[in-house]
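Have a look at the structure below before the remarks.
The values are calculated or read from the model by the stated rules, or taken from the named source; none is laboratory data. Since the structure is predicted, the reported quantities are computational estimates derived from the model, not experimental observations. Glycine also receives a Cβ, built like all others from the backbone with ideal geometry; neighbour counts cover every protein chain displayed.
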Amino acid sequence: MEWRCPSVLKRRRSIRSAVETNSVGRPTERCLPHSVPDAALVGYPFKIIQTPAQLVVLFEPFIDYRQIFTDGRTLPKDPQPTWMGYSVGKWEGDTLVVDSSGFNDQTWLDDGGHPHSDALHVIERFRRIDFGHMELGITIDDPKMYYEVLDRDRSIQSGARHRTDRVCV
């Protein structure tokens, strides 16, 4: 994954190491979960289940899930840090805008080894193009780790494929 502002990283050494070793040492090697936005970018299937008050995203790797509340609540002010953080979403036309924070600092943003801190704030924009295809816009703001806000757009596959188990051992 290439960010539009790749030179703004405050801690370049960890990125260089991850790229040179083909992502050896990534947290998921130790059976730790993916995080946001990494979980949607690694290429494994995921399924979104929508209810009136929330969306639940089921990720195939490590049988993991994410909750996105759509009931009008705001993000917690001082959350206990978690792997997937805390997410609230709202619809802007045909685009689901998801605002997330409250992450721990134990995961990477992507397979390139881009690290993040507990100050990570992510805004995602999901828009379905047609059956099987979705656009994902990502904005990363992490003032402890990056000098500037990072933006990335990506097309991802979606659809009704049956999720299978991928267990980490």
Pairs needed: first member in the range 92-117, on the phi < 0 side of the Ramachandran plot and among the β-branched types (V, I, T); second member anywhere, at pLDDT below 85 and part of a loop (DSSP other than H, G, I, E, B); C-beta distance under 9 Å; at least 6 residues apart or different chains. T107/R26; T107/L32; T107/P33; T107/H34; T107/S35
Collect the residues in the range 74-112 that are among the charged types (D, E, K, R), part of a strand (DSSP E or B) and either in contact with a His (Cβ under 9 Å, 6 or more places away or on another chain) or modelled with pLDDT under 95 (or both), keeping them in residue-number order. D99
Of the residues in the range 35-73, those that are assigned to a loop (DSSP other than H, G, I, E, B), modelled with pLDDT of 80 or more and among the charged types (D, E, K, R) come to D71, R73
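Listed here are the residues, each with its yes/no results for (1) touching a Ser or Thr at 6+ places or on another chain (Cβ under 6 Å); (2) more than 15 Å from E124 (Cβ to Cβ); (3) among the hydrophobic types (A, V, I, L, M, F, W, C); (4) surrounded by 17 or more Cβ atoms within 10 Å (Cβ to Cβ).
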site	(1), (2), (3), (4)
P33	no, yes, no, yes
P37	no, no, no, yes
I48	no, no, yes, no
L58	no, yes, yes, no
R73	no, yes, no, no
T82	no, yes, no, no
Y86	no, no, no, yes
Within the range 133-156, identify whether any single residue is in a strand (DSSP E or B), more than 16 Å from the chain's Cα centre (by Cα) and at pLDDT below 95, and answer yes or no. yes
Of G113, G85, G102, the only residue that is within 21 Å of T28 (Cβ to Cβ) and touching a helix residue (DSSP H, G or I) at 6+ places or on another chain (Cβ under 9 Å) is G113
